[in-house]
1. Among the residues of segment B:226-262 satisfying the criterion of being within 28 Å of B:GLN179 (Cβ to Cβ) and part of a loop (DSSP other than H, G, I, E, B), which is modelled with the lowest pLDDT?
2. Select from segment A:107-120 the residues that are hydrophobic (A, V, I, L, M, F, W, C) and either assigned to a loop (DSSP other than H, G, I, E, B) or facing chain B (nearest Cβ under 10 Å) (or both) and list them in ascending order.
3. Looking only at residues in segment B:7-32 that are touching a Phe, Trp or Tyr at 6+ places or on another chain (Cβ under 9 Å) and part of a loop (DSSP other than H, G, I, E, B), which one is modelled with the highest pLDDT?
4. What tally of residues in segment B:34-54 results from selecting those that are more than 14 Å from B:TRP261 (Cα to Cα) and part of a loop (DSSP other than H, G, I, E, B)?
5. Listed residues A:ALA106, A:ALA98; which is surrounded by fewer than 19 Cβ atoms within 10 Å (Cβ to Cβ) and within 30 Å of A:GLY163 (Cβ to Cβ)?
6. Give the number of residues within segment A:100-138 that are under 19 Å from the mean Cα position of the chain (by Cα) and under 24 Å from A:THR186 (Cβ atoms).
7. If B:SER270 satisfies all but one of (1) more than 9 Å from every other protein chain (Cβ to nearest Cβ); (2) not in a helix (DSSP H, G or I), what's the number of the condition it fails?
Amino acid sequence: MTQSGTATARTGAQSLHAVLRVVGWTGLGLIAVAVALSDFLASAPADATGIGPLLAAPSAAFHFGTDILGRDMLSETLHGLSATVRSALPATLVTLVAGALFGFVAARLPRALASPLRGFIGILAAVPALLLAVLVIGLTSRGLAGVAAGLAAAPFAFVRAFGRAREQERATHSEYARATGISAATLLRRDLVYEFTDTILPAAARALAAVSIVLSTVSFLGFGAVPPHRDLGLMIAASKLYFLHAWWTAAFPALALTVLILFARLAAGLGEGERA
Amino acid sequence: MLRFVSREAGRLALGLLGAALLAAAISALAMPHAGDGVFAFLVAWGRTLNDFVHLDFGHSSISGETAMAELAAHLPLTLGLVAEGFAVALIVGIPVGLLFGAGPARRAAAPLIQIVSAAPIFCAGLALAFVSANLLHWPVPVDNGVKTGLALWPHSVTGFETLLLPVLTVGLAGAAAAQLALRRAGSELAGEPWRVQLRRMGLSNWEIEGVYGMPRIFAGLLSSLGEVILALFSAAAVAEWVFNYAGAADLFVKSVALHDWAIAAPVLLSFAGLTLIADFIGRCAAHPMADPGTPP
């Protein structure tokens, strides 16, 4: 391929990424509207049983069907999505602060402090995030599942931010800054401002994707949402006994969860298969 | 090379030590009076560490069995699942990573891979179970609520069908990690100037890719071995729950739920230790293949 051909292909890929990011943020915006208006959009209140016949398949009356207790699956999916997003937002904040921000700052600490810290977080990153979240919930309470999911997703964000900060420390602008007598604290402050101005939104979307996976999985395992406040993970777990014969009881909550994670991944600009 | 391996071995030793300290801190919670304050906890932690040094990981407060016995009963199942999932990950992940790593094939497959990547593992496991039960009429142990063992070397068609679903669930998660590592290495190499130079020297694309490109791409996969193993363990934790198998991850979840910390700690230590060891092996194996100073 010629140089101009390579440049054209690169420009095309960048435009596609930009479009996908817009699609991701638009999707997240629509989900935010659905979550904010879930009580109005849903035809039945959360956990209202006996709304229709038991395990009715999707129809004109019940677009997503009903579950084993006669709950309207469309309403339940909306309420479940709302519960998942409401838990995921504080978890995202925890991941951003304890992972991305702390990792960036830790990389600029004196080496005697930064290296052991990086080593310790590396050990936490060697444990599956799901098991880490389960452990934190076990040590605290199910009410803190959001914080636990945020903390469980934080080691990976920490390691990534630590690496970026180290790269920036070796960059030309840092060498010039040090040579002109700018203090390490001032350089860190400036790098932090630029880093977060440039990456806060993709980092937040990435953290949202990561914590949504962890949160829904811990709920699926029975460590997250407490009934009757059901999130999507708990709804899917509840359908495990009969979804082989009533697919809609698991399919729609799973679809809603996948769409949420997909939009977050697109908004973050993640590549295909890239870990959130 | 020796210096690199020594440095990595040092990192591994520190990592394992840290993991042991963390596991001992969790296990110390099972000691009487460990929750009576910071000093009491530190004393319990010290005692637990001493026990760990003597390979005594304590007793389950639920079953009364030693932690080693519980681990010996459950860990092989998880390791078997991970090993068989690893084989699937390589069989699926390597061709996908190489075929869809660049060009029109990547653009065509990108939307599908993006959607599949967005599905949590438990959703993927349930979807596999649904397809197997309803289309292939295979036995699917998801809805009986009974924890069972798993024949890792099945002797019948039914045993094979029962085994295939969790192995596929774990393997596909590993395949995603493997293809990502390959694609990452491939895209890093794509802009290397030596490709153009070698072409000018008269080498064909096959020679350039086969002799110079592939070893470096596979070095990328090897150096991400820790990530692949972590993805496999994460998936095994979910697959055991979805398909009702009594493996180590299932044991961990139950132990945490019942606050049986003497059991939860060694399971966590095993997972972290195995991931760190895989990372070490992968880095050491990749080093001679990726080192620009070494002829491929």
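The values are calculated or read from the model by the stated rules, or taken from the named source; none is laboratory data. Remember, it's a predicted structure, so these values are computed and weren't measured experimentally. Don't worry about glycine lacking a Cβ; one is built from the backbone with ideal geometry, like all the others, and counts go over all protein chains shown.
1. Ranking the qualifying residues of segment B:226-262, first place goes to B:PHE243.
2. Initially, segment A:107-120 is screened for residues hydrophobic (A, V, I, L, M, F, W, C), giving A:107, A:109, A:112-114, A:117, A:120.
Once the filter is applied, which keeps residues that are hydrophobic (A, V, I, L, M, F, W, C) and either assigned to a loop (DSSP other than H, G, I, E, B) or facing chain B (nearest Cβ under 10 Å) (or both), segment A:107-120 yields A:LEU109, A:PHE120.
3. The selected residue is B:LEU29.
4. 3
5. Values: A:ALA98 fails: surrounded by fewer than 19 Cβ atoms within 10 Å (Cβ to Cβ).
Answer to the check: A:ALA106.
6. Residues in segment A:100-138 being under 19 Å from the mean Cα position of the chain (by Cα) and under 24 Å from A:THR186 (Cβ atoms): 4 in total.
7. (2)
For every residue, the table says whether it meets (1) modelled with pLDDT under 90; (2) surrounded by fewer than 23 Cβ atoms within 10 Å (Cβ to Cβ); (3) assigned to a helix (DSSP H, G or I).
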| residue | (1), (2), (3) |
| --- | --- |
| A:ILE137 | no, no, yes |
| A:GLY150 | no, no, yes |
| A:ALA153 | no, no, yes |
| A:VAL159 | no, yes, yes |
| A:ARG164 | yes, yes, yes |
| A:GLU175 | yes, yes, yes |
| A:LEU188 | yes, yes, yes |
| A:ASP198 | yes, yes, yes |
| A:ALA203 | no, yes, yes |
